[in-house]
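Just below is one structure, and these are the notes that go with it.
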Amino acid sequence: MDNFLFLILSLRWQDIVDIGLVSYILLRFYVLFRGTNAFRVLIGMTILWFLQQVAVSMGLVVTSWVVQGVVALGAFIIIVVFRNEIRNVLLARNLRSILWEFSSKTVITAIETIVLSVHEMAQDKCGALIVLPGKEDLEEVVQGGIPWKGAISKEMILSIFWPDNPVHDGAAIIQGDQINQVAAILPLSRRDDLPSYYGTRHRAALGLAEATDALVIVVSEERGDIVVARDSQLKTVKQKRRLGQILQEHMGVAVKKGRESRKEKLAFIAAALFSVIFTTGVWFSVSRGVDTLVTLQVPLEYTKRDLAMEIVETSVNTVNLELEGSGALIKSIRPDQVQVRLDLSKSKAGPNTFTITRKTISLPPGVVLKGVTPSVVDVELDVLIERELPVQIDWVGRLPDHFILEEATVEPKMVAIIGGKRMLEKMLTLYTEKVPLNNLEVEGVITANVALNPASLKIASGSDEKVTIRYLTRLRNQ
Amino acid sequence: MKYPPLWLLILTLGLLLMFPLTAGSQSGNPIALVQAVLCEDILEFVPQNRTTVFSIERRTAFCFTAFDPVPQKAIIYHHWFHRDTPSARIKLTLKPPRWSTYSSIQLRVEDIGPWRVEITDDQGNIFHILRFSVTE
């Protein structure tokens with residue numbers, strides 16, 4: 001209980017925003033994709049992922065591998081198999097409705113237009129066939145069709161189904177507030193229990209309703225009645241209000257009343273709660289899990305150093321940090337996320353001692369510091385000075401046995417360098433880099449660089465890093 | 001007879017008291033180094049095979065110094081440094097009127113690297129610095 005309280009109290013505002021955002025994204029997925037096959041498969045995948053976690057925690061190695069493989073494959077399956085369904089969901093809505101809307105005024109306006117148009121056509125006994133797709137793709141079921149891409153209006157619908165219009169015999173497919181296609185050919189139902197007064201229009205409407213989740217409105221040319229085909233059923237609708245309700249229900253517009261509306265609200269609240277609980281659970285398991293302890297060797301970084309001083313010596317260059325956190329977080333740590341910085345702004349020339357505390361260490365969120373080794377670092381600083389020192393050649397190798405190097409001079413004899421005062425006061429000589437004897441001729445001139453050791457030394461401006469060596473060899477007297 | 005002013009006498013006396021000290025110190029150390037060489041051997045006080053690089057196979061490195069004049073018995077030192085680390089401090093006696101003397105070190109594998117020999121008087125004043133290398 002104490003641990004739980006500690007976890008809750010240790011939440012930062014960023015963590016709450018984190019959980020809130022991911023929960024909302026999950027909820028939006030639910031709102032956009034509910035009722036689709038892709039959503040059902042997604043739920044199945046989530047259950048499989050949960051099972052995999054259980055299998056891992058129970059040590060069922062092979063099971064967890066198999067489930068992991070299925071989940072990985074499932075992600076591809078959802079994208080490839082349900083690509084049209086996903087596309088339809090996204091294309092049918094504008095950015096606002098994708099991000100936060102739960103109902104749309106345009107849909108309501110479109111529904112009203114359709115209801116008025118259908119009612120007028122029924123009164124005039126003008127035959128019509130209107131398809132309102134659900135969440136399933138119609139591309140493979142509907143044939144023919146002429147692209148229309150026109151904004152919906154009563155006049156437009158009436159003109160499409162006007163008997164003299166060449167496209168009046170087919171179906172008009174309406175998506176959102178657009179008439180997408182006209183003269184579309186629908187699959188015919190093969191049912192033999194239909195009443196004899198139902199013609200081809202009714203059979204086509206039922207055929208599509210059997211094959212998909214689309215809603216089809218039929219206006220009978222002979223009797224002027226309105227029939228709605230949905231979920232393999234044909235239903236005669238006499239009232240405008242009822243037709244409007246059916247259409248709203250089909251398009252997911254939240255104007256339902258009574259038990260159905262309450263049921264949907266409850267489902268929505270349950271989905272929202274599930275999103276928050278699921279995200280919180282995942283968040284805690286990822287960011288607050290403490291199942292992994294790791295030791296990282298991290299280089300020390302020194303900041304705010306007085307430019308007139310330099311670091312001469314440090315007791316250590318790296319420290320070992322013992323970090324605890326969930327396996328996923330620990331594995332995803334990048335080197336640049338873990339830093340140990342020592343502030344040198346208050347340090348003096350000479351030896352300084354720093355204690356490494358939690359404040360000097362930056363860690364990614366969710367990772368807990370358990371220990372630092374060593375926790376104390378000695379840093380020796382020195383004031384920078386310039387000093388001129390004699391240069392000596394550092395010969396290596398050997399001359400042929402009968403030769404001796406009688407004379408070797410260096411130009412310039414002195415080179416000015418910049419370095420820590422305490423260090424330079426102890427230095428008496430600068431040496432060149434190793435100069436090989438093996439390649440020398442009888443006499444000659446060569447150049448060599450001054451070896452700067454330690455590397456913190458710098459050649460002062462006005463001095464050259466290169467020196468010229470003049471040498472003379474001669475035969476040895478035996 | 002007119003006597004010089006008192007302040008002039010005091011000044012003259014002061015100068016006389018000061019000058020013998022500096023002159024004495026100059027005349028007390030008039031020894032001069034006329035030759036300082038590194039060599040592989042010394043035969044009858046003559047340096048042989050003057051060089052600035054010694055192979056450890058040669059086993060010994062010599063530092064030969066000659067002073068002229070040497071007005072009185074004096075002490076000098078040969079300070080041998082491997083890099084900047086003192087390795088040997090050899091005390092040598094000079095006798096009038098002129099004197100040559102030398103010191104040497106034995107070369108070992110761990111001596112490979114740059115060396116120098118500082119030739120100083122007993123006060124630590126440097127007459128000369130010789131630089132050389134010991135190689136394999």
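Read-outs throughout are calculated quantities, based only on the coordinates presented, and are distinct from any laboratory measurement. Bear in mind that the values here come from a model prediction, so they are computed numbers and not experimental data. In this analysis, Cβ positions are derived from the backbone assuming ideal geometry, glycine residues included, and neighbour counts consider all displayed protein chains.
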Report task. Report the local net charge at A:ILE404: Lys and Arg +1, Asp and Glu -1, summed over other residues whose C-beta lies under 9 Å from its C-beta. Result -> +1
Query raised in the report: Quick one: length gained pulling A:LYS238 to A:ASN449 fully straight, 0.36 nm per residue minus the C-alpha distance?
Result: 65.8 nm
Query raised in the report: What base-10 log of the normalised intensity I(q)/I(0) is obtained for the protein assembly as shown from the Debye formula, alpha carbons as equal point scatterers, at q = 0.05, 0.08, 0.10, 0.11 Å⁻¹?
Result: -0.58, -0.82, -1.02, -1.10
Report task. Using label points projected 7 Å from each Cα along Cα→Cβ, tell me how many nm separate A:SER362 and B:VAL34, to one decimal. Result -> 7.3
Query raised in the report: What value, in deg cm²/dmol to 500, does the helix sum -39500 (n - 2.57) over DSSP H runs of n ≥ 4 give at 222 nm once divided by the residues of chain A?
Result: -11500 deg cm²/dmol
Query raised in the report: How big is the convex hull of the Cα atoms of the stretch A:384-475, per residue, in Å³?
Result: 86
Requested in this report: Using R₀ = 60 Å, calculate the FRET efficiency as 1/(1 + (r/R₀)^6) where r is the Cβ-Cβ separation of A:LEU116 and A:VAL294; round to 0.05.
Outcome: 0.30
Query raised in the report: Which whole-angstrom value gives the distance between the alpha carbon centres of the stretch A:414-478 and the stretch B:61-136?
Result: 22
Requested in this report: May I have the extent of the alpha carbons of the stretch A:177-235 along their three principal axes, as whole Å values ordered from largest to smallest?
Outcome: 33, 25, 18
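How shielded is A:423-430 by partner chains, expressed as the average number of their Cβ atoms within 10 Å of its Cβ atoms?
2
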Report task. Along Cα→Cβ, 7 Å out, is where each label goes; now give me the distance between the ones at A:HIS402 and B:GLN106 in nm to one decimal. Result -> 3.2
Query raised in the report: If r is the Cβ-Cβ distance from A:ILE185 to A:ASP336 and R0 is 60 Å, what FRET efficiency results, to the nearest 0.05?
Result: 0.50
Report task. Calculate the mean, over all residues of peptide A:365-376, of how many other protein chain Cβ atoms lie within 10 angstrom of the residue's Cβ. Result -> 0
Report task. Based on the mean of other Cβ atoms within 10 Å per residue, sort peptides B:124-135, A:63-74, A:207-218 so the most packed one is first. Result -> A:207-218, B:124-135, A:63-74
**Report entry** the stretch A:143-280: equivalent-ellipsoid semi-axes (sqrt of 5 x gyration tensor eigenvalues, Cα, Å)
**Finding:** 32, 19, 16
Query raised in the report: Taking amide H positions as placed 1.01 Å from N in the peptide plane, with prolines and chain starts having none, which residues 5 or more places from A:VAL396, or on another chain, fall under 5 Å of its amide H?
Result: A:VAL435, A:LEU437
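If the only charges are +1 at each Lys and Arg Cβ and -1 at each Asp and Glu Cβ, what is the size of the charge dipole of the protein assembly as shown around the Cα centre, to the nearest 20 debye?
For the protein assembly as shown, the charge dipole is close to 1640 debye.
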Requested in this report: Please report, to one decimal in angstroms, the Kirkwood hydrodynamic radius of the stretch A:357-396 built from all distinct Cα-Cα pairs.
Outcome: 15.7
Query raised in the report: Where does helix A:105-123 land angle-wise versus the long Cα axis of chain A, in degrees 0 to 90, nearest 10?
Result: 20
Report task. Describe numerically, in nm with one decimal, the distance between label points set 7 Å from Cα along Cα→Cβ at A:GLN143 and at A:ARG12. Result -> 6.3
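Full-extension gain between A:LYS304 and A:ASP343, please, as 0.36 nm times their residue separation minus the C-alpha to C-alpha distance.
Between A:LYS304 and A:ASP343, full extension yields an extra 13.4 nm.
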Requested in this report: Could you please rank A:LYS426, A:LYS304, placing first whichever residue has the fewest other Cβ atoms within 10 Å of its Cβ?
Outcome: A:LYS426, A:LYS304
Report summary line: FRET efficiency (A:ASN165, A:ALA267; Cβ distance; R0 41 Å; to 0.05) is 0.45
Query raised in the report: Want the number for A:ARG474 to A:ILE277: 0.36 nm per residue separation, take away the alpha-carbon distance, what's left?
Result: 61.8 nm
Query - Distance between the stretch A:316-377 and the stretch A:166-189 - C-alpha centres, whole angstrom - result: 68
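What does the charge count around B:LEU38 come to, taking other residues whose C-beta lies under 12 Å from its C-beta (Lys +1, Arg +1, Asp -1, Glu -1)?
Value of the local net charge: 0.
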